[in-house]
Amino acid sequence: MKILVTGGVGFIGSAVIRYLLSNTDHKVLNVDKLTYAGNLESLSSVNSHKNYTFVKADICDQQKIEAVFKDFSPNIVMHLAAESHVDRSIDGPGEFMQTNIIGTYILLEVARKYWSNLDSKEQGLFKFHHISTDEVYGDLEGPEDLFREDTPYAPSSPYSASKASSDHLVRAWCRTFSLPTVITNCSNNYGPYQFPEKLIPLIILNALDGKELPIYGDGTQVRDWLYVDDHARALVEVALNGEVGETYNIGGHNEKQNIEVVSQICSILDDVRPRPDGKAFKEQITYVKDRPGHDLRYAIDASKIERELGWKPEETFESGIRKTVKWFLDNRDDWCKRVQDGSYQRERLGEDT
């Protein structure tokens, strides 16, 4: 198979490509415009692989994307290219509307025209896999409810609204034009190579630098945490074997309050890299004004993908977070410093209402 991955230099996209090239014989074309959050070093282990090609392109550039489809002739599109940080979407929503909505529309149109010109056998092989987020569902009420594939959409932030819009576009192109699509909605990812604006790498690096560890509100917001390599396995399974027209929720079965996540990171660091002054890392925790529109609880029901495709996460949060802390410790002085080129100094984003 020939698999086109958009946003393959990003955190999740690079994990997908590493998995594909390490575990399958499929040819992979990575299309990425190399934004601040993308770093080619995330693919250093596979960038010389015989089945791998990289093209720098913006999914909003229709002519370039048409040329990519013509030259590569993909069987599967895995669409991960997106602006993905909630706080940044509060500061500047326009880029999220452009990439996540218009970019998805352009990609769908190019894919539709390409697919319509294939012969019937090739049409039967083709699939457009759109990768989305559980944030489109909004806020769960109470401690027991879970997001299911038929949960109504109620996005809270500009980011989640833009992803909800792109999900609707994908379903519309499937229903109206019969384009063979599939959608996945995932919970919070964590793991190696994550850009340090997200909670877990931000806390690890701030802790090591002796900085404050900021917690929004009272820290009781609940998220379901999914190790990125588990997510990559799930995405490839859906791309290859998911049923056209279906949606699959992907979760890690690891609900944690934000304060629990930060406290666990502090505890691991106390164990493996103690502070020189002997104090506990949790003493660096501070509470800051909550983010506007901050959802209180997300939790995924991932029973459908386990039942129909046999996928379930391999990592517990306890095993995955230890791997993640170790990776950032090992790569703090090289990869972590290089991805922070001066445009982001781990300052707070998204505070404006």
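Counted over the chain, the DSSP beta bridges are approximately 10% antiparallel.
Could you identify which residue out of G252, G278, G138 has the top mean-square fluctuation in a GNM of the chain using Cα springs shorter than 10 Å? Of G252, G278, G138, the most mobile in the Gaussian network model is G278. Using a cut-off of 19 Å between Cα atoms, the listed pairs K256/K282; K50/K337; K33/K64; K27/K56; K56/K127; K64/K198 include K50/K337; K56/K127; K64/K198 as exceeding that distance. With the biggest extent put first, the Cα atoms of segment 17-173 measure 49, 38, 32 Å across the principal axes.
Which order, highest average first, do 201-207, 147-153 follow once you tally other Cβ atoms within 10 Å for each residue and take the mean per peptide?
201-207, 147-153
Helix 317-331 and the longest principal axis of the Cα set of the chain meet at an angle near 80°.
For segment 214-255 and segment 95-164, what is the separation of their C-alpha centers, rounded to whole Å? With segment 214-255 and segment 95-164 each reduced to a Cα centre, they are spaced 14 Å. The modelled label-to-label distance between D119 and D145, using points 7 Å beyond Cα along the C-beta direction, is 5.1 nm. Taking N as the residue count of segment 269-331, its C-alpha radius of gyration divided by 2.2 N^0.38 Å amounts to 1.67. In the calculated pair-distance distribution of segment 208-247, the portion above 10 angstrom amounts to 79 percent of the Cα-Cα pairs.
Taking 0.36 nm per residue of sequence separation and removing the Cα-Cα distance, the D209/A172 pair yields an extension gain of 8.5 nm.
Every number in this text was worked out from the coordinates using simple rules, so none of it is lab data. What you see is a predicted model, and the numbers here were worked out from it, not measured in a lab. Ideal geometry is used to build each Cβ from the backbone, glycine not excepted, and the neighbour counts take in all protein chains shown.
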